[in-house]
Every structure is written in C-alpha cells, then in structure tokens.
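What follows is a set of notes on a single structure, which appears directly below.
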Amino acid sequence: MVDETTYNYYWSKTTCSFYPYELKYLYDNAGSWPTDAVGVSDDVFKEFGLATTIPDGKWRGAGTDGMPAWVDVPTPSEEPAAS
C-alpha cells in the first residue's frame, strides 16, 4: 500500500477535481473527501490543475483510465434550454 503522504495532490474522476492532501483533514471532517481519490504526481497536477492554456475544443475530464485528460467538449444539444 502506498502511503497517502507520498502525494501532494489527489484526483477524483467523479468530480473531475484535484484535492490538496494538506487539506484532507478538512474534507474528512466534512465527510466530503472523494472515495475515488487517487494520488497524482505534481507534474500531472501542474499540467491539468494549473493549466493556463487548454487545447481548443477540450476541457479537463477523466480519460479511459480514470486519470486527468483533455477530453472533447460535448456539442450543444439540439433541445432548447429549459427556462
């Protein structure tokens, strides 16, 4: 088993968000630390969490492996927006 403190950041594919390990206790106290959180390298966090440029037509999502990836932005639905 990998020691949780090995990573500075954790990724959740269900929320498509990063979580800093140093704040885990706050999430735990609130009962909101994602159950699917996995540790990621600082390089992955920098590439996907701190990106200043995002490839055209992409946004941050989860790849087929569940890890951060630039995925296609869905095309708008043909249905009218609810008002």
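The values are calculated or read from the model by the stated rules, or taken from the named source; none is laboratory data. As the structure is a computational prediction, the values presented were derived from the model and not from experiment. Cβ coordinates were reconstructed from backbone atoms using ideal geometry, including for glycine residues, and neighbour counts include every protein chain displayed.
When the range 1-51 is limited to residues that are among the acidic types (Asp, Glu) and touching a residue at least 24 places away in the same chain (Cβ under 8 Å), the one that is farthest from Gly61 (Cα to Cα) turns out to be Glu4. Hey, can you tell me all the residues within the range 1-12 that are loosely packed, with under 12 Cβ neighbours inside 10 Å and not in a loop (DSSP other than H, G, I, E, B)? Once the filter is applied, which keeps residues that are loosely packed, with under 12 Cβ neighbours inside 10 Å and not in a loop (DSSP other than H, G, I, E, B), the range 1-12 yields Glu4, Thr5, Thr6. Return yes when Thr35 is of a type in the set (Ser, Thr, Tyr), over 16 Å from Phe18 (Cβ atoms) and exposed (fewer than 15 other Cβ atoms within 10 Å of the Cβ) and no when it is not. In short, no.
Taken over the range 8-53, residues that are aromatic (Phe, Trp, Tyr) and more than 17 Å from Asp65 (Cα to Cα) amount to 6. If you go through the range 12-23 one residue at a time, do you hit one that is at pLDDT below 95 and closer than 25 Å to Thr75 by Cα? Looking for residues that are at pLDDT below 95 and closer than 25 Å to Thr75 by Cα, one finds none in the range 12-23, hence no. Among the residues making up the range 50-80, those that are surrounded by fewer than 12 Cβ atoms within 10 Å (Cβ to Cβ) and either small (Gly, Ala, Ser) or in contact with a helix residue (DSSP H, G or I) (Cβ under 7 Å, 6 or more places away or on another chain) (or both) are Gly57, Gly63, Ser77.
Quick grid of which residues meet (1) surrounded by fewer than 16 Cβ atoms within 10 Å (Cβ to Cβ); (2) in a loop (DSSP other than H, G, I, E, B):
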residue: Thr14; (1), (2): yes, yes
residue: Leu23; (1), (2): yes, no
residue: Asn29; (1), (2): yes, no
residue: Phe45; (1), (2): no, no
